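Following: one structure in structure tokens, then a few remarks.
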Amino acid sequence: MNIPGQLFFDGLVGGLVYVTLALGMVLITSINRILFLAYGVFYTLGAYVVWYCVKGLGLPYAVAVIIAVVAAALVGVASHLLIFQRLQRSKGAFLGTLIASLGLMLVLNQTILLIFGTVPRGLEGVFPDALKVWGITMSPAKLTAIGIGIAITAVMFVVVMKTRLGRAMRVASFMPEIASLHGINSNWVYRTTLGLATGVAGLAGALLAPTYGISSGMGNTVIWTVLLMMMVGGMDSMFGAVVGGLVVGQLLSFGQYYVGAVIQIVVFVIIGIILYIKPNGLLGRGVDIGI
Amino acid sequence: MKRTPKCVCLLVILGMVMAVAVAAVGCGSESTTTTAAPAASITTAATAPTETTAAPTETTEGPTETTTAAPEALKVGLVVWKGWAVGVDVANTAEVMAKVVNDAGGLDVGGTKHMIELISYDSENTQDGAVLAMNRLVFEDGVKYVLNDSTGVEALTAIAEENGVILLAMGVAPALFSPDNRYTFPADGSYASSPAILGWLADTFPDMKRVALAYTDDQMGHMSAQVQTASWQTAGFEVVSTEFFPAGQTDLSAVATKVMAADPEVVWPCGSGPTLSESIVKAVFERGYEGMFAMGNATSAATLLTMVPEAALANYVNYAYDVEFDPALSPVAEAFKAAWVEKNGEWTGPEVSGATFVSCLCTAMQEAASIEPDAVAAVIGGGLEFQSPAGALRMTSATEGGTWTNVGLLAYNVKKIEGGQPVQQGAIALDRMSELFYQLVAPNLFPQP
């Protein structure tokens, strides 16, 4: 077994998964100006929807993934319409949206538990057996996750930087009042951003369900790692989310092997040092979320 | 300030609202539902009291006597965390077991029928939440028996002992095992699970020596590691690797790499949540591991196979409750399983400790011929043996010179997976279970003077 190679491969998979999630979270934080703690639940939702579509409805896995993405996006859009649209415009919007996202997280978590029960789920047999290359075991599920992670990252960059939607997002983020003067509907932009980000979270959950299994609390642990990555890379920097994700992924992989569970403490110490030197993260500019 | 008519009207309305509120609070004695913190729910397994017939009182054991008196309500409280699968399962299995008893005509104690009424509050996985729930049960609802899923158990033990309330709880908190406890009993039988498998492996595979252990990096994981490492070594095995990983971590690739590097013959995964043990099995199997997987947790075959390919389980052993097999291995297990399937549509392999606790209480009350906590506690603490959906249990205490109180030991079955179904591979009788427990676990789990 090629241990360093195996650790690097596993770290790359984990890192890209977290990059995918962190990109969505960065979008919400920098454009909607919401610290969206409920984000991890959409990861869980995507996993459960894909499980139900494959096991309950007998649909092909690829179709189930698409449905999972759409379902997560729709719930995200609905949450903006019903909860955040009004709160974003109120006085003390940061605290209000933070508490609302916490409440949403609790409600969705419990709803998932009630609907799907306590038994953990899994999707066995979705992918063929693992390959072994240069002493490194590479499961097709993880290779797929790498490919899609890279693709999603590229697509997100193109959408935000090169499209009209992306320009509208950036204008609405920096100058919402000016945006409306230019005919940009800020509410529509925020809603679309939330839908896009939650759809990406659902996609990550759907892709990783066959590898890591499905349980009602899976999103709650993921959200904290995502927040760590955002702090490392910068809360408002997409490129920073990529860097942060890849760095933390490798740290956790090599660290778990050589140091053990205490790696979590080591990661926090490293993040503390980074933030001490660069308070906005490695590549962040410092987003004003209106505290 | 001059009062305006509008102001006076508002004051009158406010006064009327307050009067109604005070009247409602004063009149509401035993409320059946509440939304005040902690989130509370009352699950009443009892039906409306009816005239009894000659039907058996319950499916566990004990004499059946007919009586024409209306059944009395027997309140049993639950303090569980509804935010994790174990807590939900404890509540749900207790409810189903209570229904089995009630549907059979109720629990006959000393000639009086009792219908079990469950009152459940959420511990919220905090000491404060657990204390609030317990106080509510004891002082507002008048409950004398409480079941707990290990959340907040340290605080609950203190309240139970101080107020003479019987507490049946899970977990490994030291407070559960204090020799001063009179009313607190860790009665779910889980302390016997690892010695059962260790002893069976040592007896059945005497040449298998190298074991790799993996635990979650939390209090329960470290306590389990400490006890089980010593148990494995006492049983004659060499522990070649002990890995800890953060609780809730789903990517266990690095852990699997470390385990494989140690070249074990047996891998013993111990996740805190229901998912993590299976995740370790899957991750290690994907690395090409071909040795044995041994587990000491209550993972059903159905749950395991949703996560792990069957090929990984060619060399797998775990303990199994009576209820897991088809057909179940005892009448009480069969009755419980049938009731569970009727309620949920399918057998989902829940953690059945809630049902075990209800069985313990029912048997103890019938043997004591009383529902008074002192009498029931004396029976439980006196070496009670009872049948539950999990299997046969015996309450056992420290030998002379020991410093710990009664724990429940379960007579486990050993299972393997064949054709996607659990198959009984062996069984450990209660007497042998006691031997293994005293030999492998008790010296390491409980402080000796």
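Quick one: pull the percent of accessible area on region A:153-281 belonging to carbon and sulfur, 1.4 Å probe, ligands and nucleic acids left out. Ligands and nucleic acids excluded, carbon and sulfur give 72 percent. Going by alpha carbons, how many degrees (0 to 90, nearest 10) lie between the helix axis of A:93-116 and the longest principal axis of chain A? Helix A:93-116 and the main axis of chain A meet at about 40 degrees. Just so you know, the Cα atoms of region B:148-238 work out to an Rg and Dmax of 16.1, 52 Å.
Applying 0.36 nm per residue to the separation of B:ALA70 and B:ASP374 and subtracting their alpha-carbon distance, the gain on full extension is 107.0 nm. Note on B:ASP203 and A:PHE239: with the Förster distance fixed at 41 Å, the Cβ-Cβ geometry gives a FRET efficiency of about 0.10. Accessible-area loss of 10 Å² or more (1.4 Å probe, protein heavy atoms, chain alone versus all protein chains) is found in region A:255-272 for A:GLN256, A:TYR257, A:ALA261, A:GLN264.
Whole-percent P(r), region A:41-159, all Cα pairs, 5 Å bins from 0: 2, 9, 13, 17, 16, 15, 13, 7, 4, 2, 1, 0.
With 10 Å bins beginning at zero, the pair-distance distribution over Cα atoms of chain A amounts to 7, 28, 35, 23, 7, 1, 0 %.
Modelled label positions at B:GLN424 and B:GLU346, each set 7 Å beyond Cα in the direction of Cβ, lie 2.6 nm from each other. Normalised by 2.2 N^0.38 Å, with N the number of residues, the alpha-carbon radius of gyration of region B:290-362 equals 1.23. Taking label positions 7 Å along the Cα-Cβ direction at both B:GLN233 and A:MET1, the computed distance is 2.4 nm, reported to one decimal. Summarising the amide proton neighbourhood of B:PHE245: residues at separation of 5 or more, or on other chains, whose placed amide H is nearer than 5 Å comprise B:TYR215, B:THR216, B:ASP217. Averaged over its residues, chain A has an accessible area of 42 Å² per residue, based on protein heavy atoms and a 1.4 Å probe.
Average accessible surface for region B:299-369: 31 Å² per residue, computed with a 1.4 Å probe over protein heavy atoms with every protein chain in place. Karplus-based coupling profile of region B:426-436, in residue order and whole Hz: x, 8, 10, 6, 4, 5, 5, 4, 4, 4, 5, with θ = phi - 60° in 6.51 cos²θ - 1.76 cosθ + 1.60 and x standing for Gly or Pro. In chain A, the longest principal axis of the Cα atoms and the axis of helix A:186-212 are about 10 degrees apart.
Probe radius 1.4 Å, ligands and nucleic acids ignored: give me the carbon and sulfur share of the accessible area of region B:209-308 as a rounded percent. If you can, show how the numbers build up before the last one.
Details: 1460 of 2880 Å².
Result for region B:209-308: 51 percent of the exposed heavy-atom area is carbon or sulfur.
Mind checking the angle between helix A:61-79 and chain A's longest principal axis? C-alpha axes, 0 to 90 degrees, to the nearest 10. For helix A:61-79, the angle is close to 30 degrees.
Write down Rg/Rh for the protein assembly as shown, rounded to two decimals, with Rg from the C-alpha atoms and Rh from the Kirkwood relation over Cα pairs. Intermediate results must be reported in sequence, preceding the final value.
On the way: Rg = 28.0 Å, Rh = 27.9 Å.
On the Cα set of the protein assembly as shown, Rg over Rh gives 1.01.
Computed extension length for A:LEU165-A:VAL63: 34.1 nm, one decimal, from 0.36 nm per residue of separation with the Cα-Cα distance subtracted. Legend: residue pairs A:LYS162/A:LYS278; B:LYS75/B:LYS282; B:LYS209/B:LYS337; A:LYS55/B:LYS209; B:LYS282/B:LYS337, Cα-Cα distance threshold 32 Å; pairs beyond threshold, B:LYS75/B:LYS282; B:LYS209/B:LYS337; A:LYS55/B:LYS209. Give the aspartates and glutamates whose C-alpha is closer than 16 Å to that of B:LYS416, dropping any in the same chain fewer than 8 places away, or say none. Cross-link targets: B:GLU278, B:GLU290, B:GLU310, B:ASP322, B:GLU324, B:ASP326. Packing here is the average count of other Cβ atoms within 10 Å per residue, and on that basis the peptides A:2-8, A:56-62, highest first, run A:2-8, A:56-62. For region B:214-293, the set of GluC sites (Glu not before Pro) satisfying both a DSSP loop assignment and a count of at most 15 other C-beta atoms within 10 Å is given as B:GLU290.
Straight-line cross-link reach from B:LYS113 at under 14 Å between alpha-carbon atoms covers these aspartates and glutamates, not counting any fewer than eight positions away in the same chain: B:GLU51, B:GLU58, B:GLU65, B:GLU72, B:ASP103. Working note: Cα atoms of region A:225-291, range along each principal axis, descending, whole Å: 40, 20, 19. Each 5 Å bin from 0 upward holds the following percent of the Cα-Cα pairs of region B:64-197: 2, 11, 19, 21, 19, 14, 9, 4, 1, 0. Here each label is just a point 7 Å from Cα along the line to Cβ, and for A:ILE115 and B:GLN127 those points are 3.8 nm apart. The amide H of B:VAL76, built 1.01 Å from its N in the peptide plane, has B:GLU117, B:LEU118, B:ILE119 as neighbours under 5 Å, considering only residues 5 or more places off or on other chains. Each semi-axis of the equivalent ellipsoid for region A:17-75 is √(5λ) with λ an eigenvalue of the Cα gyration tensor; in descending order they amount to 26, 10, 9 Å. Computing Rg and the Kirkwood Rh from the Cα coordinates of region B:320-449 gives a ratio, Rg/Rh, of 1.02. Put simply, chains A and B cover up around 2600 Å² of each other's accessible surface, both sides summed, when a 1.4 Å probe is used.
Rounded to the nearest 5, the antiparallel percentage of DSSP beta bridges internal to the protein assembly as shown is 45%. Extension gain for A:VAL107 to A:VAL70 (0.36 nm times residue separation, less C-alpha to C-alpha distance): 11.3 nm.
Given +1 on the Cβ of Lys and Arg, -1 on the Cβ of Asp and Glu, and no further charges, what dipole in debye does region B:88-147 carry about its Cα centre, rounded to the nearest 20? Can you show the working numbers first?
On the way: 4 positive and 10 negative charges, 52 e Å.
Once rounded to the nearest 20, the dipole reads 240 debye.
Rounded to 0.05, the FRET efficiency of the A:VAL158 and B:GLU290 pair, given R0 = 35 Å and the Cβ-Cβ distance, is 0.15.
Take the Cα of A:ASN185, go 7 Å toward its beta carbon, and the backbone nitrogen atoms of region A:40-84 under 13 Å from that spot belong to A:81.
The values are calculated or read from the model by the stated rules, or taken from the named source; none is laboratory data. Not measured: the values here are computed from a predicted model. Note that each Cβ is placed from the backbone with ideal geometry, even for glycine, and that neighbours are counted across all protein chains shown. Areas reflect the complete protein model, heavy atoms only, side chains present, ligands, DNA and RNA absent. Shrake-Rupley method; radii C 1.70, N 1.55, O 1.52, S 1.80 Å.
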